[in-house]
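See below for the structure under consideration.
The values are calculated or read from the model by the stated rules, or taken from the named source; none is laboratory data. Just so you know, these numbers come straight off a predicted model, no measurement behind them. Note that each Cβ is placed from the backbone with ideal geometry, even for glycine, and that neighbours are counted across all protein chains shown.
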Ligand code: ATP
């Protein structure tokens, strides 16, 4: 089921929570709404769900105005805090959406039984049908919540920070599993998250939101490697910022002239350059584009070695080196090194003359 969000505005009193949000979700897509706290993600999800009416604009499903069909029959919801019925068993929780259907469209007891067992298998909770929510782990409860949402065979699954309250390992496991489930069931899914890693890992497309507006929509690869503006660049990972000056086609980074790449065309004397921590090379000897710095901190635990170096002008730079590179050099605190940026990003909006 395709979803079109047409120039949606949502106001709470004088406060504009959504400001002319406009985009389309294709049928079968898994889309992440990503942004900081208060950016409007949940409000947008609630507007899509029909739980909140837009102040202006509208939402349509398959070209039909969603406001005309308020039954929510084709929408499955999963919220951050499981929202399971505590006094009901796992079985009854999952069966709920089917048992409350009007008699004429309610499946038979036998069919409900089969459906719930099928779902228990799908969410890998066979043998737990008789348990109550309090007898389950957080991850298991969230899988029950998903099974309950899926019982009505929704065409559209809406998830609000579904794994937000779980620990990092369970989160990772469940998000991979959500991806598999989405593909298997051919739904259109929209999930809210403030976790960039989660959005980049799971979604087909990511909608980056800020202050009720969309900053960028794109595939994980597009938003990460080709951010539209400084906000997206900041939000999608750690970054070093350099306020630099330009002269004769060169940028002076930490007082060292560095040639600019093809895509960087300065139009003013000063600008801000952004460089991700893994986009530096560090050597013990100077290179043509390198600048001097002193190592202040090294932490080699983890998939990459993390370093902090300080330039003679006092700028601190955060660098990530591959373990392979780190093991070859074993950089030590207080030693002098030469740092070369491998790739940098510059935004027009940062220019000031
Ligand atoms: P979070 O990640 O913290 O959940 P979010 O991006 O989902 O944030 P929303 O919950 O959509 O943000 O809220 C967007 C803005 O709208 C916030 O400033 C919030 O305070 C405001 N807001 C949301 N619901 C209401 C409401 N019912 N009445 C008044 N203001 C509201």
TODO: Go through (1) within 16 Å of the ligand (Cβ to nearest atom); (2) within 22 Å of residue 188 (Cα to Cα); (3) assigned to a strand (DSSP E or B) and name the single condition residue 4 misses.
DONE: (1)
Open item on the list: With the requirement that a residue be within 16 Å of the ligand (Cβ to nearest atom), at positive phi and in contact with a helix residue (DSSP H, G or I) (Cβ under 9 Å, 6 or more places away or on another chain), what does the stretch 208-247 give you?
Closed with: 212
Task: Matching residues, the stretch 39-56, being without any contact (Cβ under 8 Å) to a residue 12 or more places away in the chain and part of a loop (DSSP other than H, G, I, E, B) - done: 51
Task: Tally, over the stretch 105-135, of residues that are farther than 20 Å from residue 77 by Cα and touching a residue at least 40 places away in the same chain (Cβ under 8 Å) - done: 5
- [ ] Could you tell me whether residue 185 is free of Cβ contacts under 8 Å to residues at least 60 places away in the same chain and under 30 Å from residue 313 (Cβ atoms)?
- [x] no
Open item on the list: Residues to consider are 45, 53; find the one that is surrounded by fewer than 17 Cβ atoms within 10 Å (Cβ to Cβ), within 16 Å of the ligand (Cβ to nearest atom) and closer than 30 Å to residue 13 by Cα.
Closed with: 53
Open item on the list: If residue 247 meets every condition in (1) out of contact with any strand residue (DSSP E or B) (no Cβ under 6 Å at 6 or more places or on another chain); (2) more than 20 Å from residue 168 (Cβ to Cβ); (3) in contact (Cβ under 8 Å) with a residue 24 or more places away in the chain apart from one, which number is that one?
Closed with: (3)
- [ ] State yes or no: is residue 296 closer than 16 Å to residue 240 by Cβ, surrounded by fewer than 17 Cβ atoms within 10 Å (Cβ to Cβ) and at pLDDT 95 or above?
- [x] yes
Task: Filtered residue count, the stretch 198-207, keeping only those that are away from the ligand (no atom under 13 Å from the Cβ), surrounded by 21 or more Cβ atoms within 10 Å (Cβ to Cβ) and part of a strand (DSSP E or B) - done: 1
Task: Of all residues in the stretch 187-197 being within 13 Å of the ligand (Cβ to nearest atom) and buried (at least 23 other Cβ atoms within 10 Å of the Cβ), the one that is nearest to residue 164 (Cα to Cα) - done: 193
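Residue-by-condition table, conditions (1) more than 27 Å from residue 29 (Cα to Cα); (2) modelled with pLDDT of 75 or more:
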position: 227; (1), (2): no, yes
position: 234; (1), (2): no, yes
position: 238; (1), (2): yes, yes
position: 241; (1), (2): yes, yes
position: 247; (1), (2): yes, no
position: 253; (1), (2): yes, no
position: 256; (1), (2): yes, no
position: 259; (1), (2): yes, no
position: 265; (1), (2): yes, no
Task: the stretch 19-38, subset assigned to a loop (DSSP other than H, G, I, E, B) and within 16 Å of the ligand (Cβ to nearest atom), residue surrounded by the fewest Cβ atoms within 10 Å (Cβ to Cβ) - done: 37
